[in-house]
Amino acid sequence: MGELASPIDVIVVSYQYSRWLPACLDGIARQTLAPRRVLVSDDQSPGEEGQRFRELAARFPWADFVQNERNLGAVAHMRLRVGQAEATYYLLLSADDALIDPDFLRDAVAYLDANPDVVAAFGYFQQVDADGQVIKPASVAARDTWTRWP
């Protein structure tokens, strides 16, 4: 997983999401700036979905997998896990299928370090089908730079 250690935790929240978790975790593993910690949290997905989640823990031993004792709902689930973050500086809260750009974490940390007045960074994305074709046009033009919101 990644080349450099970082001051960033990645928290992936999941509810009936296990079929996309392998791609998400593969994307995290390909980052050139390795997160200090990866926490994957399931909000008590029912039945086979919950079982698949537990089986993924064996495939990704570098990530910490936890399951809530009861379903908390999306907002309470995120609040619980953010409250447990151990990151020195940064936190990535994700339910993304993958981090395609292997330099995303490195670039986000560099941007945040260089701009102490910025408190959040997120990536540009497009939905694509299984063949890699864009499903719908992006709402924002692709950029080579970061966009700042006041």
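Numbers for the structure displayed
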| quantity | calculated |
| --- | --- |
| Exclusive hit being at pLDDT 80 or above and either surrounded by fewer than 13 Cβ atoms within 10 Å (Cβ to Cβ) or under 25 Å from PRO46 (Cβ atoms) (or both), set PRO116, PRO137, PRO102 | PRO116 |
| Within segment 1-84, strands (runs of 3 or more DSSP E) holding 3 or more residues that are open to solvent by 10 Å² or more (accessible area, probe 1.4 Å) | 64-67 |
| Which numbered condition VAL10 fails, given (1) under 25 Å from ASP107 (Cα atoms); (2) at pLDDT 90 or above | (2) |
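The values are calculated or read from the model by the stated rules, or taken from the named source; none is laboratory data. In this text the structure is predicted, and so the values were computed from the model without any measurement. No Cβ is skipped: glycine too gets one built from the backbone with ideal geometry, and neighbour counts run over all protein chains shown. Accessible surface is based on the protein model in full, side chains and every heavy atom, while ligands, DNA and RNA are left aside. Shrake-Rupley method; radii C 1.70, N 1.55, O 1.52, S 1.80 Å.
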